[in-house]
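Each remark here refers to the structure printed beneath this line.
The values are calculated or read from the model by the stated rules, or taken from the named source; none is laboratory data. All values reported here derive from a predicted model rather than from experimental measurement. In this analysis, Cβ positions are derived from the backbone assuming ideal geometry, glycine residues included, and neighbour counts consider all displayed protein chains. With ligands, DNA and RNA removed, areas are computed over all heavy atoms of the protein, side chains included. Shrake-Rupley method; radii C 1.70, N 1.55, O 1.52, S 1.80 Å.
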Amino acid sequence: MEFLFLLVFVLYLGATITAMVCFFNLNQRLRLMARTLLWAAAGLHTSYLVIRFVVYGQTPVASQHEAVSFFAWSLAVAYLAFRWRYQVKNFAAFVLPLILALVLVALSVPGQVVDLAPAMRSWWMQLHGVLALLANAFFALAFCGGIMYLLQEREIKRKRMGFFSARLPSLEALDNLNQHCLTIGFPLLTLGIISGALWGRQAWGDFWQWNPKEVWSLITWLIYAAMIHQRFTVGWRRRRAAIMAIVGFCAVLFTLWGVSFFLGGDHPYAG
Amino acid sequence: MLAEKIACLGVNHQTAPVEIREKLAFADDCLSPLVQIKEIVGCDECCFLSTCNRVEVLLVGKAGDATIAAARDVLFADSGLSGAEAAQYSYLFTGSAAINHVFRVAASLDSMVLGEPQILGQLKDAYRLAIEHRATGAILHRLLSKSFSVAKRIRTETSIGGNAVSISYAAVQLARKILGELTGKTVLLAGAGEMAELAAEHLVAQGVAKVVVANRTLERAVTLARRFNGEAVVLGELASRLADADILISSTGSPDLILRKEAMTPVMRQRYHRPVFLIDIAVPRDLDPDLNDLDNVYLYDIDDLQQVVVANKGERRREADRAELIVAEETIKFLHWLENMELTPTITELRRRIDVLRDIELNRTLAALPGLSPEEKKAVTMMGTALVNKLLHYPLMFLKNSGAIEQKRANLSIFRKMFGLDSDHGSGDER
């Protein structure tokens with residue numbers, strides 16, 4: 001199984017390298033190759049998750065390895081699903097390195113399954129993990145879109161059209177991307193937090209304990225809630241939305257890792 | 001060699017000034033020169049291209065001096081220039097240089113405005129005309145259709161045609177970068193001068209839905225607005241109208257600024273911070289340069305646009321260098337194809353002779369062994385065929401993959417001698 005995951009990593013690596021080279025030289029054959037490699041990687045990754053599910057009898061979102069690998073998988077699938085609906089020029093060159101980084105993290109931590117305390121074992125836990133990580137994937141897409149937005153805007157504002165201007169989509173397209181990602185990611189995050197609370201009640205008898213992970217989830221939720229609210233009421237879009245997408249994703253990452261690392265707490269993979 | 005049969009004779013903006021080019025403009029009639037060139041002795045295939053910047057004849061045949069001179073005479077027939085002058089103003093490429101030139105023309109690397117897209121369409125029209133009048137053959141078919149795919153490859157793999165090289169198109173391209181598709185957008189014109197009119201025409205052609213004209217005198221505004229089915233307002237309403245517009249083009253003759261940063265801040269709030277693209281083409285300027293510091297406001301004045309155009313031209317030249325590499329690569333590929341075309345007659349000839357030999361020997365053997373069963377006969381026949389194929393395998397490989405072109409030619413001639421392909425009595429029944 002470790003070999004299978006290594007193979008998944010190699011495929012993502014290949015896809016990322018081709019997409020990056022293609023970003024520079026715009027070769028269409030490479031673009032096609034990167035896409036094929038990504039499909040292969042995502043397909044193999046899916047079977048890896050299914051195998052883990054069948055062998056261990058639980059959705060692979062419990063350990064650090066499982067959560068990060070599932071995060072990477074969600075990102076790949078979210079990206080491919082987006083591509084199917086509408087295209088964002090050269091999006092792959094920004095999303096794939098992020099996927100690759102996540103897979104690399106998943107590869108570097110022990111892959112064995114954690115033996116959860118009986119109290120922790122629950123469908124709620126699995127549902128919570130899946131929803132929260134899927135939400136993170138959409139926020140990650142918004143984050144990539146935000147970076148692209150800032151790069152493109154910088155060149156337009158400075159009146160120096162250069163390398164990025166020719167390769168990135170219009171500001172309008174990037175802002176739409178931001179909005180789409182938020183409108184999908186935010187409900188998922190909300191449901192993720194609710195299912196987490198239900199699981200908490202089952203495991204510890206309390207919906208909410210104000211442990212660091214919960215506090216930071218709430219902070220993340222508030223950031224995205226503010227973004228959505230401001231977008232639709234006073235028009236926080238475009239540049240501000242792009243910056244907020246980046247800030248929001250930093251909060252997501254801190255909730256995922258920072259909390260366990262700096263603040264501790266008894267979330268399953270807190271260590 | 002086949003490559004040497006390809007020649008390209010022409011006149012373009014680099015070799016001849018416009019006074020000369022206009023004397024040989026065939027714009028309205030490409031057919032008669034095509035027919036005349038087709039009739040020239042030594043011309044097997046031809047294609048004739050005429051645009052305002054170039055006139056070219058593409059020729060496949062025995063490209064001797066007489067043939068070329070005859071083609072040149074057709075080109076300069078009505079120009080009144082002497083033969084020497086004609087030779088001075090025109091260029092001639094043969095062999096790989098001709099192939100290279102055709103690819104460069106198709107990819108717009110030889111154009112006056114580098115990367116302009118029209119030339120490809122004109123070349124396609126010329127090709128179509130040549131096909132319709134049966135002037136093309138295997139080599140030109142392949143060369144021209146290859147040149148179209150090379151042009152396409154260059155367009156996708158380099159950004160040679162990507163960046164605008166005229167001010168008005170640069171403005172449209174910027175508007176697209178900021179606002180996405182322009183369909184359904186509103187443009188506001190401040191000032192009803194000629195510049196504003198031109199700019200509006202350009203944007204309406206790009207799908208802009210609504211034009212509002214703001215002018216000091218309402219009368220002029222109404223006249224201009226009527227042309228675009230738009231709305232006319234007085235200049236004082238500019239700020240309030242800006243709340244609904246996506247693009248502002250300002251070209252008033254006002255000596256002072258007509259829109260200041262402070263006035264824009266409330267407008268942006270009113271617009272829910274939807275982005276706005278301000279284009280200031282007035283001199284002296286109409287719009288406060290500090291407007292560009294506001295979020296979601298993008299201000300370009302005439303110098304900025306000019307600067308973008310200059311930068312884009314430089315970018316195109318850089319991209320052209322990459323395109324030249326692609327052309328060089330494709331030229332080599334085409335030469336390989338030609339070389340293999342050249343081998344084809346030799347290979348078929350060899351195969352034919354050997355098959356004849358094999359049949360003769362088989363018949364002789366089978367006649368000497370009357371007692372064989374059908375299976376045994378079949379086995380003997382198969383042995384003959386297998387032996388021939390196995391023996392030919394390495395010689396044919398040697399012929400096909402033998403490096404440089406000179407080497408290939410030398411090998412071909414050795415090969416023909418070795419198998420006696422140049423002797424007339426080689427049909428197999430000597431001895």
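Of the candidates A:HIS180, A:HIS128, A:HIS229, which one comes out as most mobile in a Gaussian network treatment of chain A with C-alpha springs shorter than 10 Å? Result for chain A, Cα springs under 10 Å: A:HIS229 fluctuates most. The angle between the Cα long axis of helix B:118-132 and the longest principal axis of the Cα atoms of chain B comes to about 40 degrees, rounded to the nearest 10.
If you roll a 1.4 Å probe over the protein assembly as shown with all protein chains in place, what percent of the accessible area is carbon or sulfur?
Answer for the protein assembly as shown: carbon and sulfur cover 61 percent of the accessible area.
Per residue, the average separation of C-alpha pairs within less than 8 Å and at least 6 apart gives segment B:3-157 a relative contact order of 30 percent. Accessible area of B:THR136 (1.4 Å probe, protein heavy atoms only, ligands and nucleic acids ignored): about 30 Å². Rounded if a/c is under 1.5, else prolate if a/b beats b/c, else oblate: with a ≥ b ≥ c from the C-alpha gyration tensor eigenvalues square-rooted, which is the protein assembly as shown? It comes out oblate by the Cα gyration axes. Taking all protein chains together, B:LYS146, B:LYS210 sort by accessible area into B:LYS210, B:LYS146, largest first [probe 1.4 Å]. Against the empirical 2.2 N^0.38 Å (N residues), segment B:125-165 has a Cα radius of gyration ratio of 1.51.
Taking the longest Cα principal axis of chain B as reference, the axis of helix B:65-75 is set at about 30 degrees. Extending 7 Å from Cα along the Cβ direction at B:GLU361 and again at A:ASP115 yields two label points whose distance is 7.9 nm. With the helix formula -39500 (n - 2.57) applied to DSSP H stretches of n ≥ 4, the protein assembly as shown reaches a computed 222 nm mean residue ellipticity of -21500 deg cm²/dmol.
Within the listed set B:VAL310, B:VAL60, B:VAL388, the Gaussian network model of chain B (springs between alpha-carbon atoms below 10 Å) gives the highest mean-square fluctuation for B:VAL388. Taking amide H atoms as placed 1.01 Å from N in the peptide plane, the amide H of B:LEU287 lies under 5 Å from those of B:ILE258, each 5 or more residues away in sequence or on another chain.
Kirkwood radius and radius of gyration were both taken over the C-alpha atoms of chain A, and their ratio Rg/Rh is 0.98. The convex hull drawn around the Cα atoms of segment B:181-309, when projected onto a plane and averaged over every direction, covers 7.3 nm². The average projected area of segment B:73-120, computed from the convex hull of its Cα atoms over all directions, is 4.3 nm².
Summing +1 for each Lys or Arg and -1 for each Asp or Glu among the other residues whose beta-carbon sits under 14 angstrom from that of B:MET397 gives +3.
Chain B and chain A together bury an accessible surface of about 2300 square angstrom, both sides counted, with a 1.4 Å probe and no ligands or nucleic acids included. As a size descriptor, the averaged projected area of the C-alpha convex hull of segment A:107-258 was calculated at 11.0 nm². Comparing B:ASN411, A:ASN136, B:ILE119 along the charge dipole axis of the protein assembly as shown, the residue lying farthest to the positive side is A:ASN136, per the Cβ-charge model. Charges were assigned to the Cβ only: +1 to each Lys and Arg, -1 to each Asp and Glu. The resulting dipole of segment B:181-309 about its Cα centre is roughly 480 debye. The Rg/Rh ratio for segment A:177-271 is 1.02, where Rg is the radius of gyration of the alpha carbons and Rh is the Kirkwood radius. Here the relative contact order of chain A, from alpha carbon pairs under 8 Å that lie six or more residues apart, stands at 19 percent. Only protein heavy atoms count here; under a 1.4 Å probe, B:TYR272 has an accessible surface of about 120 Å².
Semi-axes of the equivalent ellipsoid for chain B, please: Cα gyration tensor eigenvalues, times 5, square-rooted, ordered largest first, whole Å.
Semi-axes, largest first: 67, 28, 17 Å.
Between the residues A:PHE261, A:VAL109, A:LEU32, the greatest Cα displacement towards the positive end of the dipole of chain A, with unit charges on the Cβ of Lys, Arg, Asp and Glu, is found for A:LEU32. Once the 1.4 Å probe is applied to the protein heavy atoms, segment B:3-157 comes out at 43 Å² accessible per residue. In this calculation the C-beta distance from A:THR183 to B:LEU391 is compared with R0 = 60 Å, giving a FRET efficiency of 0.25. The calculated Kirkwood hydrodynamic radius for segment B:40-137 is 14.3 Å, given to one decimal from all distinct C-alpha pairs.
Computed extension gain for A:GLU172 through A:TYR86, at 0.36 nm per residue and net of the alpha carbon distance, reaches 29.6 nm. If you sort B:MET195, B:MET383 by accessible surface, 1.4 Å probe, largest first, the order is B:MET383, B:MET195.
Basic side chains Lys and Arg get +1 at the Cβ, acidic Asp and Glu get -1 at the Cβ, and with that the dipole of segment B:336-431 about its Cα centre reaches some 200 debye. Sorting A:ARG83, B:ARG216, A:ARG154, A:ARG167 by solvent-accessible area of protein heavy atoms yields B:ARG216, A:ARG154, A:ARG83, A:ARG167, largest first, with a 1.4 Å probe. Screening chain A for whole DSSP H helices of 30 Å or more along their axis (Cα) with average Kyte-Doolittle hydropathy at least -1.0 returns A:2-25, A:28-56, A:64-85, A:123-157, A:171-204, A:212-233. Taking GluC sites (Glu not before Pro) across segment B:141-224, the ones in a DSSP loop with at most 16 further Cβ atoms lying within 10 angstrom of their Cβ are B:GLU181. The mean sequence separation of alpha-carbon pairs under 8 Å and at least six residues apart, normalised by the residue count of segment A:1-113, gives a relative contact order of 34 percent. Measuring only protein heavy atoms, the 1.4 Å probe finds B:CYS52 accessible over about 110 Å². Compared with the dominant Cα axis of chain B, that is its longest principal axis, helix B:167-179 is turned about 80°. Sorted into 10 angstrom bins from 0, the C-alpha pair distances of segment B:334-418 split as 15, 38, 23, 16, 7, 1 percent.
Could you pull out the pairs from A:LYS89/B:LYS313; B:LYS124/B:LYS146; B:LYS185/B:LYS261; B:LYS210/B:LYS261; B:LYS38/B:LYS62; B:LYS5/B:LYS146 whose alpha carbons sit more than 21 Å apart here? Cα-Cα > 21 Å for A:LYS89/B:LYS313; B:LYS185/B:LYS261; B:LYS210/B:LYS261; rest within.
Work out how much length B:ILE414 to B:MET382 would gain on full extension: take 0.36 nm times their residue separation and subtract the Cα-Cα distance, in nm to one decimal.
8.6 nm
Return the single residue from B:VAL356, B:VAL55, B:VAL276 with maximal mean-square fluctuation; model: Gaussian network over chain B, springs between Cα atoms under 10 Å. Comparing B:VAL356, B:VAL55, B:VAL276 in a Gaussian network model of chain B, the most mobile one is B:VAL356. Hull volume per residue, based on the alpha-carbon atoms of segment A:1-113 and their convex hull, is 85 Å³. Divide the volume of the convex hull around the Cα atoms of segment B:283-334 by the residue count and you get 103 Å³ per residue. Ranking B:ALA311, A:HIS229, B:LEU387 by how far each Cα lies toward the positive end of the dipole of the protein assembly as shown (charges on Cβ) leaves A:HIS229 at the top.
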